[in-house]
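Enquirer: Please see the structure below; I have some questions.
The values are calculated or read from the model by the stated rules, or taken from the named source; none is laboratory data. Every value quoted in this text rests on a predicted model; they were computed, and no experiment measured them. So basically every Cβ, Gly included, is an ideal-geometry build from the backbone, and we count neighbours across all protein chains shown.
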Amino acid sequence: MSEQVLIRLKDISLERGHISILNKKNDSIRTVLMSEKVNELITIICNNTLNKGISLSDEMYLFGGHNILKFGKPHSYKELGTLMRRFRQQYPQFVNITLYEQKHTSITNQFDDGIDHYVIKERANHSSIATTEIYLQSNRAVKPYELKERKTV
């Protein structure tokens, strides 16, 4: 989660379908491919920001606004937890799903798609292939979902 709160609009390429992720441990940058669903969700966040009358800026953070991009400084780990609880209230299909399980899902899906283990290791920013291969034995992958907001009365 510490990497996710640092994602800014300048780190995202919707056209190329990837995000550049900063690793604060060693200040390295790695590129992560986005699924069509992630691309769609980020597009929704950008459109919501524009619809609020806010111009997009490369320095805006992906996480932090309520369904819009965030100005200022990134959220702390604690603040991100609060945002995730709010998100789960709005989207109940995520009530028992953690961000960590999303990482499990991404890695498991890459294994299932036949992507080389060393490529996955680099994408996940693991220092050891053994760490990456732990995901082969995991059943924490999240099933596909539809993003539907809870209806308010």
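Enquirer: Only one of (1) surrounded by 11 or more Cβ atoms within 10 Å (Cβ to Cβ); (2) at pLDDT 75 or above; (3) not in a helix (DSSP H, G or I) fails for residue 140. Which number is that?
Expert: (2)
Enquirer: Determine which member of the set 63, 111 is over 27 Å from residue 134 (Cα atoms) and not hydroxyl-bearing (Ser, Thr, Tyr).
Expert: Among 63, 111, only 63 is over 27 Å from residue 134 (Cα atoms) and not hydroxyl-bearing (Ser, Thr, Tyr).
Enquirer: Take the conditions closer than 17 Å to residue 65 by Cα and either among the small types (Gly, Ala, Ser) or surrounded by 13 or more Cβ atoms within 10 Å (Cβ to Cβ) (or both) and apply them to residue 8. Does it pass?
Expert: yes
Enquirer: Check region 125-132 and report whether any residue there is exposed (fewer than 12 other Cβ atoms within 10 Å of the Cβ), assigned to a loop (DSSP other than H, G, I, E, B) and either over 17 Å from the mean Cα position of the chain (by Cα) or at pLDDT 80 or above (or both).
Expert: Taking every residue of region 125-132 in turn, at least one turns out to be exposed (fewer than 12 other Cβ atoms within 10 Å of the Cβ), assigned to a loop (DSSP other than H, G, I, E, B) and either over 17 Å from the mean Cα position of the chain (by Cα) or at pLDDT 80 or above (or both).
Enquirer: Taking region 72-88 on its own, how many of its residues are surrounded by fewer than 13 Cβ atoms within 10 Å (Cβ to Cβ), of a type outside the set (S, T, N, Q) and not in a helix (DSSP H, G or I)?
Expert: The number of residues fulfilling the criteria is 2.
Enquirer: Which one of 77, 91 is farther than 18 Å from residue 123 by Cα, in contact with a Lys or Arg (Cβ under 9 Å, 6 or more places away or on another chain) and either touching a residue at least 40 places away in the same chain (Cβ under 8 Å) or of a type in the set (D, E, K, R) (or both)?
Expert: 91
Enquirer: Right, next: Closer than 30 Å to residue 136 by Cβ, hydrophobic (A, V, I, L, M, F, W, C) and free of Cβ contacts under 8 Å to residues at least 40 places away in the same chain - does that describe any residue in region 35-46?
Expert: Yes: region 35-46 contains one or more residues that are closer than 30 Å to residue 136 by Cβ, hydrophobic (A, V, I, L, M, F, W, C) and free of Cβ contacts under 8 Å to residues at least 40 places away in the same chain.
Enquirer: Out of curiosity, is residue 68 surrounded by 11 or more Cβ atoms within 10 Å (Cβ to Cβ), over 18 Å from residue 18 (Cβ atoms) and in contact (Cβ under 8 Å) with a residue 24 or more places away in the chain?
Expert: So residue 68 does not fit the description; no.
Enquirer: Go over the candidates 118, 91, 135, 100 one by one and state the one that is surrounded by 10 or more Cβ atoms within 10 Å (Cβ to Cβ) and either β-branched (Val, Ile, Thr) or at pLDDT below 75 (or both).
Expert: None of the other options fit; the residue is 100.
Enquirer: What residue, among those in region 31-56 that are under 20 Å from residue 16 (Cβ atoms) and assigned to a loop (DSSP other than H, G, I, E, B), is modelled with the highest pLDDT?
Expert: So, considering only residues that are under 20 Å from residue 16 (Cβ atoms) and assigned to a loop (DSSP other than H, G, I, E, B), the one modelled with the highest pLDDT is 56.
Enquirer: Can you spot a residue in region 29-39 that is at positive phi and surrounded by fewer than 17 Cβ atoms within 10 Å (Cβ to Cβ)?
Expert: Taking every residue of region 29-39 in turn, none turns out to be at positive phi and surrounded by fewer than 17 Cβ atoms within 10 Å (Cβ to Cβ).
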